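Have a look at the structure below, then the notes.
The values are calculated or read from the model by the stated rules, or taken from the named source; none is laboratory data. Quantities reported herein were computed from a predicted structural model and do not represent experimental measurements. Every residue, glycine among them, receives a Cβ derived from its backbone with ideal geometry; neighbour counts consider all protein chains shown. Accessible surface areas use protein heavy atoms only, side chains included; no ligands, DNA or RNA. Shrake-Rupley method; radii C 1.70, N 1.55, O 1.52, S 1.80 Å.
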Amino acid sequence: MAYSKDQLLARLKELQIEFSQYEHPVVLTVEAQAKYVGNLGGALSKNLFLKDKKHRYYVVSALADTKVDLKVLSQRLGLGKGGLRMAAEEALVEILKVPLGCVTPFAVVNESARHVSLLLDQGFKAQEYCFFHPLSNDMSISLNAHCLDKFLKSIGRDPSYVDLEANPPVGKDQPPDLAAFVPSDAPILSDLPVKAPTQDSTGKHVSAASNSAAVAAKAIKPSGNAQNVKEKPVNTVQPSIPAADAGNFVEELLDRASALLLSEISEDSIKQHSGQLGAEVANNIKKCLREDLKNLAVLAINLSVFEVICDA
């Protein structure tokens, strides 16, 4: 069962952790949160929920003005340049048990987040106190790094503070400095919707991949009326994903585009690019999605080829 805001606050009091709480309207960004608590002297935090290609998850909690370069962080973790991306909202709800806009270091209190790696900005230690959401974005609580450490240790977590702006070289003789923070296991997402298996003409259950392959084979097999026609080889490109999974692929692509758009638009990027922000964001999204769009195009081409063969 997921922790609630009230349960978390009660746990902090039970541990005799000093904190202050401030209720405010629901906020989805650091800028919106600053309107209500930004004048209270504490440091604001930004919190990212990320995943790698092997479906391992990370919470990165940093000072609002810390520049977090996901490509650099990915290399420092030993995941390559494009190894990290924003996690989908479904995973956010399933693993951290919080809705959009509520990512916080406190979310690792939930058992479902036991495999999630938590990286904390070393800048927190220099602040008198910092603001975080207590599992809900209609409230902010302030506490210092020592108190945050006390809470994390109470749930079996060893607080890990790193310099998130560092960009050390990574190479053959210089291993990734943050590789130890890559989770050893990936969480099992039990509550996410799973497509029911389809049935073949005999009523037997088949997987989407095998069903797709059977359709392709049936389409390529020449009909009886075409036995005397000289066959011509058809050069086709093998689709990278099964046709039956096209819907899921498109949804994942849309989720990724949305996450990329949100990650590219920040206060730092607005200041840096000003009037050219739109073009800069568009170029970055193109770079990140180019391969996925190529795969989608290949899929569409192959489906068209199969239809032509069937009609013939």
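Remarks
- Measuring only protein heavy atoms, the 1.4 Å probe finds Leu92 accessible over about 10 Å².
- Backbone HN-Hα couplings from phi across region 18-35 [Karplus 6.51/-1.76/1.60, Hz, Gly and Pro as x]: 7, 7, 10, 10, 9, 7, 7, x, 4, 10, 10, 9, 5, 4, 5, 5, 4, 5
- Cα-based shape type of region 117-158, given that a ≥ b ≥ c are square roots of the gyration tensor eigenvalues and the cut on a/c is 1.5: oblate
- Rounded, prolate or oblate (a/c below 1.5 giving rounded, otherwise prolate when a/b exceeds b/c) for region 68-170 by Cα gyration tensor: oblate
- Region 3-179: C-alpha gyration tensor shape, a/c 1.5 cut-off, then a/b vs b/c: prolate
- Full extension of the segment from Phe181 to Lys13, taken as 0.36 nm per residue of separation minus the current Cα-Cα distance, would add 57.5 nm.
- Sparse packing (at most 16 other Cβ atoms within 10 Å of the Cβ) combined with a DSSP loop state is found for none of the GluC sites (Glu not before Pro) in region 59-106.
- Set Lys5/Lys67; Lys13/Lys153; Lys5/Lys51 screened for pairs whose C-alpha atoms are more than 19 Å apart: Lys5/Lys67; Lys5/Lys51
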